[in-house]
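Novice: This is the structure I have questions about; it appears just below.
Read the figures in this text as sums done on the coordinates, not as results from a lab. All values reported here derive from a predicted model rather than from experimental measurement. A quick note on method: Cβ atoms are made from the backbone with ideal geometry, for glycine too, and the neighbour counts reach across all protein chains shown.
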Amino acid sequence: MDTVKADSPLDGGPVVLTQSDPPLPKPIATNGEFDEIDALLADYVPNTELEKRLVKKVDMYMMPTLWLMCVLAYVDRNNIGNARAAGMGDDLDLTSSRYAMLITVFFIAYVILEVPSNLILARVRPSWYLAAIMIAWGVVVAAMSQVKTYEGILVARFFLGLIEAGFMPGVMFVMSCWYKKEEIGKRFSIFFTALCIAGAVSGLLSGAIISGLDDSAGMTGWRWLFLLEGVITICVAFICKFILLDYPATSSRLTPEERQMAVVRILYDKKQISQPTKRLNPLQALHAAVVDVRTYFFTVLYLLDNGVATISYFIPTVVGDMGYSGVTAQWMTVPIWIVATIFLVLISLSSDRTQDRQWHIVFGLTLATIAGIIIVTVKHTATRYAFICFYVSGVYCAFPLILIWTSETIPLPLEKRAVAIALVNGLGDLAALYGSRMWPTSDAPDYKPGFVAMIVMCAAGGVIAACMPFLLRFLPQFTTKAERELTAIEGRPAEAA
């Protein structure tokens, strides 16, 4: 039997594929590698029993693990708000502008390493890389419990941003390597419920830790908050290393038959008619993503949604200024995130069922716009609190759909997709540069300027999402020479000339 070696589309190493009868290709008993992927791809039949078992197995390994990692990432990122409400602001002399700088510096660092991190991830084992990132940021969070000055917490937040930069875009990229288009929407959305659950968990943990350990062993409650949350993150990261899968062609936790199916089905889903023999290098991938006009549309859309989401860092403060105080203010943040989680799940399921991203994003941003208008115009505390729940729900249900839409619209080449996702996520995070300054304490208790700005941004995002496919039909599409050459080699139709 003839064998052909080829670079895997999902990993840099060579794979060898063996001829078998479709649609259930036989594994090679001797070395577990594959051959003749072109024949397998041509004979691939979707949704066989083997493929269904494979997807369930991948779900079992990946989804709970990545979800838990994301919860802890956002707990550790957002606990600065809970710590401020628990006394850190007074202890470290944090004015409104200084607190805004703590948020801003995180995202400045975050943007610096997002694209380089995804380029590295495309060439290393995700199980090692993502777990190592998690351990590193856990160490930084635990160390924040010992800072004595504003300058100290500022440096710590900068390094936290540098380290966390590789996590979210890395997860988006790895998931897009494992799941087909009709599968990934629901899973992205389930993954993004972690953002909302993290808000609820953060409130619960903060309330319990601060009330139970304040002044224990000579440490204030907010210091215990950083220390314990950092230690929890480190312990979970060590466990996750032994659960996460790598790439379809190389994951040791799959059988050879499963690895073969995992590779073929993703190639089929990306409409790639043969195995790639060439890859874009990092500079070529960056160039390809930068010249693609679609990258900028998605970046602006994500930038607007991310900007209005900066309220998450101020929810404990905003709720406190509504009349709730102390630990009660921490507890009152929990229902907001529970409602947001419910909306996120329902909207995402609907989006997946209908295979529509555009109008579900429009719905979320429209809901946030209407809720924001009511928050600004109504003075009744309970009503304002209720519509803050709907405001956060609308904003957060759009998050995963924007990134899913990006991944589906720019599916190949693989390296270009990795960079595009990182650019959209990274540049979108620059929203913190202005979003973090929209909630100064001088605007309490109504925070009217901040909410008005958020209303305008939500409305603008909704309009862009509604019009974007129409506009892209008439705008010129650009590709690089390297991308066109790769497209010709792989046998795919060029997206643009």
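Novice: Which value at 222 nm does the chain reach when only helices count, each DSSP H run of 4 or more adding -39,500 (n - 2.57), with the total divided by all residues and rounded to the nearest 500 deg cm²/dmol?
Specialist: -23500 deg cm²/dmol
Novice: Residue separation times 0.36 nm, minus the C-alpha to C-alpha distance between residue 346 and residue 374: what's the value?
Specialist: 7.8 nm is the gain from fully extending residue 346 to residue 374.
Novice: Between residue 354 and residue 219, what length comes free when the chain is fully extended (0.36 nm per residue of separation minus the Cα-Cα distance, one decimal in nm)?
Specialist: Answer, rounded to one decimal: 43.4 nm.
Novice: Which net charge results when you count Lys and Arg as +1 and Asp and Glu as -1 among the other residues whose beta-carbon is under 14 Å from that of residue 132?
Specialist: After counting each charged neighbour, the total is 0.
Novice: Another question about this same structure. Mind giving me the FRET efficiency for residue 381 and residue 441? R0 is 22 Å, r the Cβ-Cβ distance, nearest 0.05 is fine.
Specialist: After rounding, the FRET efficiency stands at 0.75.
Novice: Sort 397-406, 452-461, 256-265 by packing, meaning the average of other beta carbons within 10 Å per residue, with the highest value first.
Specialist: Packing proxy ranking, top to bottom: 397-406, 256-265, 452-461.
Novice: I want to verify the translational diffusion coefficient of segment 296-364 in µm²/s; compute it with Stokes-Einstein, Rh as the Kirkwood radius over Cα pairs, at 20 °C and 1.002 mPa s.
Specialist: In µm²/s, the coefficient is 152.
Novice: Using a Förster distance of 35 Å, how high is the FRET efficiency between residue 98 and residue 296, based on the Cβ-Cβ distance and rounded to 0.05?
Specialist: 0.60
Novice: Give, as a single signed number, the net charge of other residues whose beta carbon lies under 13 Å from the beta carbon of residue 241, with Lys and Arg counted +1 and Asp and Glu -1.
Specialist: Net charge in that neighbourhood comes out at +1.
Novice: Hey, another quick one. Can you tell me the FRET efficiency between residue 338 and residue 481 if r is taken as the Cβ-Cβ distance and R0 is 51 Å, rounded to the nearest 0.05?
Specialist: It comes out at approximately 0.50.
Novice: Any chance you could tell me what percent of the C-alpha pair distances in the chain go past 33 Å?
Specialist: Roughly 39 percent, once rounded to a whole number.
Novice: Starting with the highest mean, order 305-315, 173-183 by the number of other Cβ atoms within 10 Å, averaged over the residues of each peptide.
Specialist: Highest-to-lowest ranking by the protection proxy: 305-315, 173-183.
Novice: Still on this structure: How large, in Å, is segment 107-182 by the Kirkwood hydrodynamic radius built from its alpha-carbon pairs?
Specialist: The answer is 13.3 Å.
Novice: Now for a separate question. Using the structure shown, list the pairs from 416/481; 180/481; 181/416 with a Cα-Cα distance above 22 Å, or answer none.
Specialist: Table pairs above 22 Å Cα-Cα are 180/481.
Novice: Related question: Please compute the length gained on full extension between residue 472 and residue 59, using 0.36 nm multiplied by the number of residues separating them and subtracting their Cα-Cα distance.
Specialist: 145.2 nm
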